[in-house]
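The values are calculated or read from the model by the stated rules, or taken from the named source; none is laboratory data. These figures come from a predicted structure and were not determined experimentally. Neighbour counts run over all protein chains shown; Cβ positions are idealised from the backbone, glycine included. Keep in mind that these areas ignore ligands, DNA and RNA; they rest on the heavy atoms of the full protein, side chains included. Shrake-Rupley method; radii C 1.70, N 1.55, O 1.52, S 1.80 Å.
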Amino acid sequence: MSRIDESRPFVPVRIAILTVSDTRGLDQDKSGDTLVARLEGAGHVLADRTILKDERVEIADQLRIWTENPEIDVIISTGGTGLTGRDVTVEAHRDVYEKEIDAFSTLFTMISFNKIGTSAVQSRATGGVANGTYLFALPGSTGACKDAWDEILKFQLDYRHMPCNFVEILPRLDEHLKRSKG
């Protein structure tokens, strides 16, 4: 299956964390803290971090700002992926995506099912690409953030992960934009 090739160099990526919540501030953001601790523990760089309320336009605007920033390679949001009327993070992400990473949702659901059974059906975690940047929307629970990082993102954001990973194709994500300019 997959493995880390220690002969390849580790390549840190710059990650922005967005927490979507109508009620939490940075001092209560356990899911955001969990993601920051994990990404920094893996050797990556926290590029930016903020909290926004569950407002689709505001979330999409922030995602667009970050995808236009060459100092950000990956955006991970937490919260707002459920089924209630205020849960609009997935829709905001899809407003920004050029391409959706369908298998991210599938794999996250499989991992969640092994942990929480059929309750996994209530999550709408998603991933995509826009403007040469990876975007991932995770549920707001700390457990879900741990699962997504520990079982998917930790590996896919490690250049040494074989047989393939997100980092090695990062420079090619926006090649269609470069072609259209030239």
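Starting from residues that are part of a helix (DSSP H, G or I) and touching a strand residue (DSSP E or B) at 6+ places or on another chain (Cβ under 7 Å), keep the ones in region 154-166 and report whichever is most open to solvent (accessible area, probe 1.4 Å).
Going through region 154-166, the residues part of a helix (DSSP H, G or I) turn out to be 154-156, 166.
Next, only the ones that are touching a strand residue (DSSP E or B) at 6+ places or on another chain (Cβ under 7 Å) stay: 155, 166.
Working: 155: 67, 166: 30 Å².
The extreme case among them is 155.
Which of (1) farther than 30 Å from residue 160 by Cβ; (2) out of contact with any Lys or Arg (no Cβ under 8 Å at 6 or more places or on another chain) does residue 111 not meet, given it meets every other one?
Among (1) farther than 30 Å from residue 160 by Cβ; (2) out of contact with any Lys or Arg (no Cβ under 8 Å at 6 or more places or on another chain), residue 111 violates only (1).
Give the residues of region 99-151 that are among the acidic types (Asp, Glu) and touching a helix residue (DSSP H, G or I) at 6+ places or on another chain (Cβ under 8 Å), sorted by residue number. Walk me through it before giving the result.
Pass one, region 99-151, residues among the acidic types (Asp, Glu): 100, 102, 147, 150-151.
Of everything in region 99-151, those that are among the acidic types (Asp, Glu) and touching a helix residue (DSSP H, G or I) at 6+ places or on another chain (Cβ under 8 Å) turn out to be 100, 147, 150, 151.
Report every pair of residues separated by at least 6 positions or lying on different chains whose Cβ atoms are under 9 Å apart, first residue within region 36-58 and free of Cβ contacts under 8 Å to residues at least 60 places away in the same chain and farther than 21 Å from residue 146 by Cβ, second part of a helix (DSSP H, G or I) and among the β-branched types (Val, Ile, Thr).
So the pair list comes out as 52/59; 53/59; 54/89; 56/89.
Just to be sure, is residue 169 among the β-branched types (Val, Ile, Thr), in a helix (DSSP H, G or I) and exposed (fewer than 14 other Cβ atoms within 10 Å of the Cβ)?
yes
Out of all the residues in region 89-100, which are open to solvent by less than 30 Å² (accessible area, probe 1.4 Å) and closer than 16 Å to residue 52 by Cα?
89, 90, 92, 93
What's the total number of residues in region 19-36 that are closer than 19 Å to residue 154 by Cβ and either open to solvent by less than 60 Å² (accessible area, probe 1.4 Å) or acidic (Asp, Glu) (or both)?
So the answer is 6.
Restricting attention to region 108-143, and to residues there that are crowded, with 22+ Cβ neighbours inside 10 Å and aromatic (Phe, Trp, Tyr), which single residue is nearest to the chain's Cα centre (by Cα)?
Checked region 108-143; the qualifying residue nearest to the chain's Cα centre (by Cα) is 136.
Go through region 51-87 and count every residue that is open to solvent by 30 Å² or more (accessible area, probe 1.4 Å) and closer than 20 Å to residue 157 by Cβ.
Within region 51-87, residues that are open to solvent by 30 Å² or more (accessible area, probe 1.4 Å) and closer than 20 Å to residue 157 by Cβ number 3.
Filter region 1-18 down to the residues that are at pLDDT 95 or above, part of a strand (DSSP E or B) and either over 25 Å from residue 160 (Cβ atoms) or open to solvent by less than 60 Å² (accessible area, probe 1.4 Å) (or both) and list them by number.
15, 16, 17, 18
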